[in-house]
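**Student:** Pasting a structure below so you can have a look.
The values are calculated or read from the model by the stated rules, or taken from the named source; none is laboratory data. These figures come from a predicted structure and were not determined experimentally. Cβ coordinates were reconstructed from backbone atoms using ideal geometry, including for glycine residues, and neighbour counts include every protein chain displayed. These accessible areas exclude ligands, DNA and RNA; they are computed on the full protein's heavy atoms, side chains included. Shrake-Rupley method; radii C 1.70, N 1.55, O 1.52, S 1.80 Å.
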Amino acid sequence: MRLNLSLIISIIVAVGLIAFSFTFYQTLSERSKLNSELEKRTVQIAEEICQGNSAYLTQINHVNVDSFTDSINNKYNLVGLAVYYNNDSIIANNFSLNLMNSSLDYISQSIAADTSLGTFITSDGKSIYQYIKPVNKETISNNVIVFYNDAEYIDNIINRIWMRNFIRWFMQALFVSLITVFIIRWGIFGPINKIVDWVKAARMGNIDQLRKQPPAKFLAPLHKEIVQIAKAMHEAKASAEEEARLRTKAEAVWTPERLKVEMTNLLQNKKLVVVSNREPYMHVHEGKTIKCLVPASGMITAMEPILKACGGLWIASGTGDADKETVDKNGKVQVPPEDPKYTLKRLWLTKEEEDHFYYGFSNEGLWPLCHIAHTRPTFRREDWHFYKKVNEDFAKAVLEETADEEQPFILIQDYHFSLLPELIKKGKPNAKVAIFWHIPWPNPESFGICPWQKEILQGMLGADLIGFHTQYHCNHFLETVNKTLESRVLWDNFSVKMSGQTTFVKPFPISIAFTYKDFNKKPKIKASQLLDELGISAKFMGVGVDRIDYTKGIIEKFQAIERFLEKNPSYIGKFTFVQIGAPSRTLIKSYSDMVSAVETETNRINWRFKSKGWKAILLLKRHHSHEEIEPFYAVADFCLVNSLHDGMNLVAKEYVASRNENDGVLILSRFAGASQELQGAIVVNPYDIEKSADAIKLALEMTDQEQNLRMKQMRQIIVENNIYSWAAALLRTMVTIHN
Ligand code: F6P
């Protein structure tokens, strides 16, 4: 109210000042125009009289002056006329004495200067223009005639202008004030009040309320910022509550906040650099806009929350077609885009490098070499050449980025960079280097077929720490080193000594960002509703989420579903398996063949059990974001992870984490690292189709009580061994190693 009043007063004063200035200027020019018209008219009258009566004027005296003035006044409508004769005697006038007296000064001036003189005077409160004209100088000296013309009408005109403009000003000020108040009340205060309500709601812990209604467009940027602040507040509050709860329960579950504190203590201001081939955010063109995607990758699911919690630098290949447009001149961009927490530096590979380094050596060589999935590895000299070259380029980038650092912490991800630890250590011996191998490590005999096995092992052993998901993979690695290199493998503490350097080889089962805070997330949609939206009516639903990769056992999974329906025909028409499949590495023949095989198998099985409005398998073949996958996890009766060989498999953990009601069943391949932790799952051998089919039946018919028991146990394991505890364990180990 006070704001409105002061605003109205300000507007009235501002509009008034403008109107006053304009009117002032207008009246000045109007008055000067009218004055000069009056002057001109009076001069003309004077000239006409003096010229037309010049002879007569010399003879004017007290007797005839009255008839003279009367005739002039009548003819020219003057308010008065006076004749001044011989210096001091006014011989005639038809006007007031006051007026005559006020003219005397001017008359003397006119006579002294011997020139006409026009002035405006006021007499008896009236405005008059007087024009003094000397006449007939030759015959009678100091003889003047004074013409008095009415100037009152000029004042009247000027007054009318002021009045008109005052009314106009008043109306304008009133109108502008009303409109402004209207705009402010409904256009500005309205949306602001909404934001205030939203922030209050967020303060009270109702974060969902905040997302409900977007405010007026012009407040959108402010709204976005406030949502972020409110979200951060909400998260901080939630984790503070969680910390408090944990303290009272004497538990020690890791949270992003706890990891942040731990990292600050461990790193002591040292820079954290993560290196991977796959980038956590990828910018791609979509029509005329640029979209930001999170690629399908277990490594990203795991590493991203750590960087989000602790900040740092992540170096990766830029592979999105709009990546170059979104970085600064150093190839850097702040991510996540909506709420930046760390820096992503993109390095650019040439097409040739991508062919040989990524598709060739990494994914046709090392990937099938490490996964025992019966796809033969291919080793080409050219691929190896580019693998070395790209490792060198990444090493150079890491060294440049850490040039000013005394002891940076470098966390290398995966099989794409086996040579990087040694290259970095050579350039910066003080650096603490760890490499985490996200995929399995095969037995020494299998690994032994790689023509460059020595170089790879030597490159990896440049690290202070090598991490695998399981002790089993660590043992395979140490055995491989033992058989291949001249080194000392110390089995008592799982380390390797070579050329004065000690490398520890330890298991760190990777995980997801799951905390107690996530325990209460509610599924937003029902299974039947979700399937309805996809055009399928089924009572039961299973889900699978995989990159389409020959290691994932997708074909075997479909065959198990087929066998399950064969053995349990009552489920035909009632059960649908949704397979979310992200095409991956499709330039490699074995991968494009796998996409075709998955499609063919889907079509074959669906055709076999064909029924109106129902499908046995629904294949959703495209990249899905985490947000898109979440509802499927939340509503599926079971999730089937069927990897033929897998380092960990985070899909299994994500499914369990999404089951807030402690229902649902996880069917998990015994060849995925996750099977060692998630004992509550139904563990299957993906090659054993018959048993897998039985596992599906068991899952669908499991009692609620048993589901609860298993799910609770698995959720507890994941929450206690989440990605924050993984990162803390890895960094703590790095810190304790002194080479
Ligand atoms: O999870 C294993 C892994 O190799 C990751 O390291 C990788 O990001 C992911 O699979 C997906 O593979 P790509 O990066 O080749 O798409």
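**Student:** Scan segment 683-715 residue by residue and report those that are open to solvent by less than 20 Å² (accessible area, probe 1.4 Å), touching a helix residue (DSSP H, G or I) at 6+ places or on another chain (Cβ under 6 Å) and not in a helix (DSSP H, G or I).
**Tutor:** Of everything in segment 683-715, those that are open to solvent by less than 20 Å² (accessible area, probe 1.4 Å), touching a helix residue (DSSP H, G or I) at 6+ places or on another chain (Cβ under 6 Å) and not in a helix (DSSP H, G or I) turn out to be V684, P686.
**Student:** Filter segment 190-232 for residues that are open to solvent by less than 80 Å² (accessible area, probe 1.4 Å), modelled with pLDDT of 70 or more and polar (S, T, N, Q) and give the result.
**Tutor:** Q228
**Student:** Residues in segment 452-469: is at least one of a type in the set (G, A, S), surrounded by fewer than 20 Cβ atoms within 10 Å (Cβ to Cβ) and under 28 Å from L650 (Cβ atoms)? Let's see the steps before the verdict.
**Tutor:** If we filter segment 452-469 for residues that are of a type in the set (G, A, S), which is where we start, we get 459, 462-463, 467.
If we keep only those that are surrounded by fewer than 20 Cβ atoms within 10 Å (Cβ to Cβ) too, we end up with none.
Checking segment 452-469: not a single residue is of a type in the set (G, A, S), surrounded by fewer than 20 Cβ atoms within 10 Å (Cβ to Cβ) and under 28 Å from L650 (Cβ atoms).
**Student:** Consider L349 carefully, then state whether it is at pLDDT 95 or above and away from the ligand (no atom under 16 Å from the Cβ).
**Tutor:** Values: at pLDDT 95 or above: yes; away from the ligand (no atom under 16 Å from the Cβ): no.
Considered against the rule, which asks whether it is at pLDDT 95 or above and away from the ligand (no atom under 16 Å from the Cβ), L349 comes out as no.
**Student:** Oh, and also: Would it be correct to say that G427 is away from the ligand (no atom under 16 Å from the Cβ) and either open to solvent by less than 10 Å² (accessible area, probe 1.4 Å) or touching a residue at least 60 places away in the same chain (Cβ under 8 Å) (or both)? Let's see the steps before the verdict.
**Tutor:** Details: away from the ligand (no atom under 16 Å from the Cβ): yes; either open to solvent by less than 10 Å² (accessible area, probe 1.4 Å) or touching a residue at least 60 places away in the same chain (Cβ under 8 Å) (or both): no.
The answer is no for G427.
**Student:** Considering each of F361, F386 in turn, give the residue that is under 26 Å from L644 (Cα atoms), modelled with pLDDT of 95 or more and open to solvent by less than 50 Å² (accessible area, probe 1.4 Å). Don't jump to the end; show me each part of the working.
**Tutor:** Working: F386 fails: under 26 Å from L644 (Cα atoms).
Every option except F361 fails the conditions.
**Student:** Looking at (1) surrounded by fewer than 22 Cβ atoms within 10 Å (Cβ to Cβ); (2) in contact (Cβ under 8 Å) with a residue 24 or more places away in the chain, which one does R381 not meet, given that it meets all the others?
**Tutor:** Against the list (1) surrounded by fewer than 22 Cβ atoms within 10 Å (Cβ to Cβ); (2) in contact (Cβ under 8 Å) with a residue 24 or more places away in the chain, R381 comes up short only on (2).
**Student:** Considering only residues that are farther than 24 Å from G298 by Cα and touching a helix residue (DSSP H, G or I) at 6+ places or on another chain (Cβ under 8 Å), which ones fall in segment 435-454?
**Tutor:** Narrowing segment 435-454 to residues farther than 24 Å from G298 by Cα: 444-446, 448-454.
Within segment 435-454, P444, S446, G448, I449, C450, P451, W452, Q453, K454 qualify.
**Student:** Checking F361 against (1) touching a residue at least 40 places away in the same chain (Cβ under 8 Å); (2) hydrophobic (A, V, I, L, M, F, W, C); (3) within 16 Å of the ligand (Cβ to nearest atom), only one condition comes out false. Which one?
**Tutor:** Of the numbered conditions (1) touching a residue at least 40 places away in the same chain (Cβ under 8 Å); (2) hydrophobic (A, V, I, L, M, F, W, C); (3) within 16 Å of the ligand (Cβ to nearest atom), the odd one out for F361 is (1).
**Student:** Separate question: Any idea which of (1) modelled with pLDDT under 70; (2) open to solvent by less than 90 Å² (accessible area, probe 1.4 Å); (3) among the hydroxyl-bearing types (S, T, Y) is the one T248 doesn't satisfy?
**Tutor:** Checking T248 against (1) modelled with pLDDT under 70; (2) open to solvent by less than 90 Å² (accessible area, probe 1.4 Å); (3) among the hydroxyl-bearing types (S, T, Y), the one that fails is (2).
**Student:** While we're on this one: Given the conditions (1) modelled with pLDDT of 75 or more; (2) closer than 21 Å to K517 by Cβ, which single one is not true for C292?
**Tutor:** With (1) modelled with pLDDT of 75 or more; (2) closer than 21 Å to K517 by Cβ applied to C292, the lone miss is (2).
**Student:** Does any residue of segment 696-712 turn out to be modelled with pLDDT of 95 or more and closer than 30 Å to F494 by Cβ? Outline the logic, then answer.
**Tutor:** Pass one, segment 696-712, residues modelled with pLDDT of 95 or more: 696-712.
If we keep only those that are closer than 30 Å to F494 by Cβ as well, we get none.
No; the residues of segment 696-712 include none that is modelled with pLDDT of 95 or more and closer than 30 Å to F494 by Cβ.
**Student:** Please give the number of the condition F394 fails out of (1) touching a strand residue (DSSP E or B) at 6+ places or on another chain (Cβ under 8 Å); (2) open to solvent by 10 Å² or more (accessible area, probe 1.4 Å); (3) not aliphatic (A, V, I, L, M).
**Tutor:** Against the list (1) touching a strand residue (DSSP E or B) at 6+ places or on another chain (Cβ under 8 Å); (2) open to solvent by 10 Å² or more (accessible area, probe 1.4 Å); (3) not aliphatic (A, V, I, L, M), F394 comes up short only on (2).
**Student:** Go through segment 271-304 residue by residue and tally those that are open to solvent by 30 Å² or more (accessible area, probe 1.4 Å), in contact (Cβ under 8 Å) with a residue 40 or more places away in the chain and away from the ligand (no atom under 16 Å from the Cβ).
**Tutor:** Counting residues in segment 271-304 that are open to solvent by 30 Å² or more (accessible area, probe 1.4 Å), in contact (Cβ under 8 Å) with a residue 40 or more places away in the chain and away from the ligand (no atom under 16 Å from the Cβ) gives 2.
**Student:** Hey, among the residues in segment 584-641 that are in a helix (DSSP H, G or I) and of a type in the set (S, T, N, Q), which one's farthest from R376 (Cα to Cα)? Spell out how you get there, then give the answer.
**Tutor:** So the first thing to find is which residues in segment 584-641 are in a helix (DSSP H, G or I), and the list is 589-608, 626-635.
With of a type in the set (S, T, N, Q) added as a condition, the list becomes 590, 592, 596, 600, 602-603, 606.
Details: S590: 10, S592: 16, S596: 19, T600: 23, T602: 25, N603: 27, N606: 31 Å.
Checking each candidate, the answer is N606.
**Student:** When the residues of segment 550-583 are narrowed to those that are open to solvent by less than 10 Å² (accessible area, probe 1.4 Å) and in a helix (DSSP H, G or I), which ends up nearest to the ligand (Cβ to nearest atom)?
**Tutor:** By that ranking, first place goes to T551.
**Student:** Quick check: is even one residue across segment 628-637 within 16 Å of the ligand (Cβ to nearest atom), touching a Pro at 6+ places or on another chain (Cβ under 8 Å), open to solvent by 20 Å² or more (accessible area, probe 1.4 Å) and outside the structural domain of Y281 (by TED's automatic domain parsing)?
**Tutor:** Step one: filter segment 628-637 for residues within 16 Å of the ligand (Cβ to nearest atom), giving 629.
From what's left, touching a Pro at 6+ places or on another chain (Cβ under 8 Å): none.
Looking through segment 628-637, none of the residues is within 16 Å of the ligand (Cβ to nearest atom), touching a Pro at 6+ places or on another chain (Cβ under 8 Å), open to solvent by 20 Å² or more (accessible area, probe 1.4 Å) and outside the structural domain of Y281 (by TED's automatic domain parsing).
**Student:** Testing K432 on (1) out of contact with any Phe, Trp or Tyr (no Cβ under 7 Å at 6 or more places or on another chain); (2) surrounded by 21 or more Cβ atoms within 10 Å (Cβ to Cβ); (3) more than 24 Å from F386 (Cβ to Cβ), one condition comes back false. Which one is that?
**Tutor:** Among (1) out of contact with any Phe, Trp or Tyr (no Cβ under 7 Å at 6 or more places or on another chain); (2) surrounded by 21 or more Cβ atoms within 10 Å (Cβ to Cβ); (3) more than 24 Å from F386 (Cβ to Cβ), the lone unmet condition for K432 is (1).
**Student:** Give the number of residues within segment 305-342 that are open to solvent by 20 Å² or more (accessible area, probe 1.4 Å), within 28 Å of K389 (Cβ to Cβ) and either out of contact with any helix residue (DSSP H, G or I) (no Cβ under 9 Å at 6 or more places or on another chain) or small (G, A, S) (or both).
**Tutor:** Residues meeting the conditions: 10.
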